[in-house]
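J.: Questions regarding the structure given below will be posed in turn.
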Amino acid sequence: MITMTKRFKTSIFFILSTIIIIILAISIFRLHYSTLYQNSNDRLYLLKVLSDEIVYHDEVLSMSALAYLLTEERRWINRYQKHVILLDNALLSAMSGKPEIRELIKKTSVVNDKLLKMEEKSFELLKQGEKARALALLHNEEYGLLKQEYMQSINSGIELIHEYETNIKDKTINNAFYLSVLLISFILFFIIIWLFLIHYLSFSDKYLHNLVVIDTLTGLHNRRTFNKTLNRELNRNKREGRILLLAICDVDNFKLYNDTYGHPAGDKVLKSIGEVISQKSKRTTEFSYRIGGEEFALINSVDTLEEGKQWIQSIITIIELLDIKHENNPPSNLVTISAGITFSFKDDESSCNELYHQADMALYKAKSKGKNSFVEFSCI
């Protein structure tokens, strides 16, 4: 996997920015539809109040007219006149909606005017002393039919307004629902992209870190971490009173191997050796490194010298048992390694560089002795 390119970063952040803008836009529309929904609820409530108000005023007019004719008391005519004005205002409020509603209310007003004229005529008859005719006028069939037509028109108008407002409310609910689903989808998408970006950046950082500390061919740690680990383990073993083993290993006659079999084959050999060393360095106190072309280093904390020597010998033996042919590496004519080892004890004042120099001198001795073996520095 290659590192994240500038173009890829730009694309990801552009997508995230776009999603944020879309989320904000959807949120604004969602808020808008929520406002519309609330307004629609408010209008439906006002409609119910208005409907009750119109019916109430109409009933008060009828009752006041009859009460005036029967009692001839002035308070009833005053009340009648007051509610005529209130009914007109209520009808005007109802006419503030759709054109169809205004036309229906205008038609209702015509019927209302006829009713008012008949009621006013009954008042004039009462003034003329013809009370019986006045009462008969408000009880005749024409007045009843007009009253019935008026109420039907009022109810039709109210139902039309209610239907109109209900449709708006339903559309608002549907739009708000779809916008909510869309909003949630984009938020989830944003979260997914954001988590992907975090994961990708984290993975890229880890990959870059590995490029610095891991040898890509063998998978072992490289020279950079070898120096740090050697210093840390040296100090730790001195504190704990344990023995530190440092081994420097080198593939025998590796240049001749490359010259004979080619560098790709040589890379396979290094990879195979790296796998063996890695498998033999699984414990928390065991560390393995590729520190040069065909050179490897191993660090281990042991309790006895014999334990450390057996560990190094097992690695040398396993690599020979890989049975990789190397005709220029007598006497086995197989790929083998040599190692130089040195130990550091609790009271040893040797530095990391000194230990490395000791192990390197021991490696040189192992090479001169015939290879495929290890030599301890103290035995030189």
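The values are calculated or read from the model by the stated rules, or taken from the named source; none is laboratory data. What you see is a predicted model; the values in this text were computed from it and never measured. Heads up, the Cβs are rebuilt from the backbone with ideal geometry, glycines too, and the neighbour counts pull from every protein chain shown.
J.: Considering only the stretch 111-135, how many residues are surrounded by fewer than 14 Cβ atoms within 10 Å (Cβ to Cβ) and either at pLDDT below 80 or not in a loop (DSSP other than H, G, I, E, B) (or both)?
T.: Adding up the residues that qualify gives 7.
J.: Something else now. Name the pairs whose Cβ atoms lie under 9 Å apart, with the first residue in the stretch 292-303 and in the same structural domain as Tyr356 (by TED's automatic domain parsing) and without any contact (Cβ under 8 Å) to a residue 60 or more places away in the chain, the second part of a loop (DSSP other than H, G, I, E, B) and aromatic (Phe, Trp, Tyr), and 6 or more positions between them or separate chains?
T.: none
J.: Pairs only if they're at least six apart or on different chains, beta carbon under 9 angstrom, first in the stretch 356-367 and more than 20 Å from Phe226 (Cα to Cα), second part of a helix (DSSP H, G or I) and among the aromatic types (Phe, Trp, Tyr); list them, first residue then second.
T.: Lys365/Phe377
J.: Out of Thr317, Thr342, which single residue is touching a Phe, Trp or Tyr at 6+ places or on another chain (Cβ under 7 Å) and at pLDDT 95 or above? Spell out the reasoning first.
T.: Numbers: Thr317 fails: touching a Phe, Trp or Tyr at 6+ places or on another chain (Cβ under 7 Å).
One residue alone meets the criteria, Thr342.
J.: How do the pairs read when you match residues in the stretch 15-34 that are in the same structural domain as Phe186 (by TED's automatic domain parsing) and farther than 19 Å from Ile193 by Cα with residues anywhere that are part of a helix (DSSP H, G or I) and among the hydrophobic types (A, V, I, L, M, F, W, C), using Cβ under 7 Å and keeping only pairs 6 or more apart or on different chains?
T.: Ser27/Leu183; Phe29/Leu179; Arg30/Ala176; Arg30/Leu179; Arg30/Leu183; Tyr33/Ala176; Tyr33/Leu179; Ser34/Ala176
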